[in-house]
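Down below is the structure, laid out as structure tokens.
Derivation of every value follows stated rules applied to the coordinates shown; laboratory data play no part. Predicted model, so just to flag it, every value in this text is computed and none were measured. Using ideal geometry, Cβ is built from the backbone for each residue, glycine included, and neighbour counts are taken over all protein chains shown.
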Amino acid sequence: MATATNNKGNKFAANAGAAAGGFVGAMGGSFVPPVNVTINRTQNNGVPAQGAHQSQSLLPAPEFTSPAQVRNYCNTLRAAGVTLSIEVAMAAEILKGVLAAVPDPDGRPFGSRVRAAKVARKLSKSADALRDAAKNAAAAYSSFQQEYEEEINRVRHRARKPQQPVINWAQQ
């Protein structure tokens, strides 16, 4: 019995080493984009700010009082969706690589890869949903242009008056 316990201990030690090596291999072979972090610090000298809790949003305020605001909102949503989709898809691949290095408790062949794929699949679905959100944001603006083409053109013609040649009398 003592040797069986000892063999399990050695087996675990060998698998732990393989897991560490797999982790390094998974991280070394993956592409990690550069990340920029911006920190804005405001000092209020101990005086609590009015409206002390402010949440920051990736999107502009949903104020749709002009076609430009609709376009800006849809473009910002599309850009954020594309960026987040790429980041989440990469995170899913990294997670799959890291989890695949964890040994399967039952010792099944390829068991760790199967378990890792099941977990990473959920992140991949999140990336797909973000990509679809980006597509739908672009489609929303396109649909807005089609449905309100008459109103947009009516204002557009008024806004752009033909330029008359200007005579500069000071230049003689």
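Below are the figures for this structure:
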quantity	calculated
Hits among aspartates and glutamates - C-alpha to C-alpha of K118 under 17 Å, sequence gap 8 or more where chains match	E93, D104, D106, D128
Simple spin-label estimate for E87 and W169 in nanometres, 7 Å along Cα-Cβ	6.0 nm
Inter-centroid distance (Cα atoms) of the stretch 107-158 relative to the stretch 71-103, Å	12 Å
Virtual spin-label span in nm between F144 and L58, 7 Å along Cα→Cβ	1.9 nm
Qualifying chymotrypsin sites (Phe, Trp or Tyr not before Pro) in the stretch 57-119, DSSP loop, other Cβ atoms within 10 Å at most 15	F64, F110
Magnitude of the charge dipole, the stretch 104-172, Cβ model with Lys/Arg +1 and Asp/Glu -1, debye to 20	260 debye
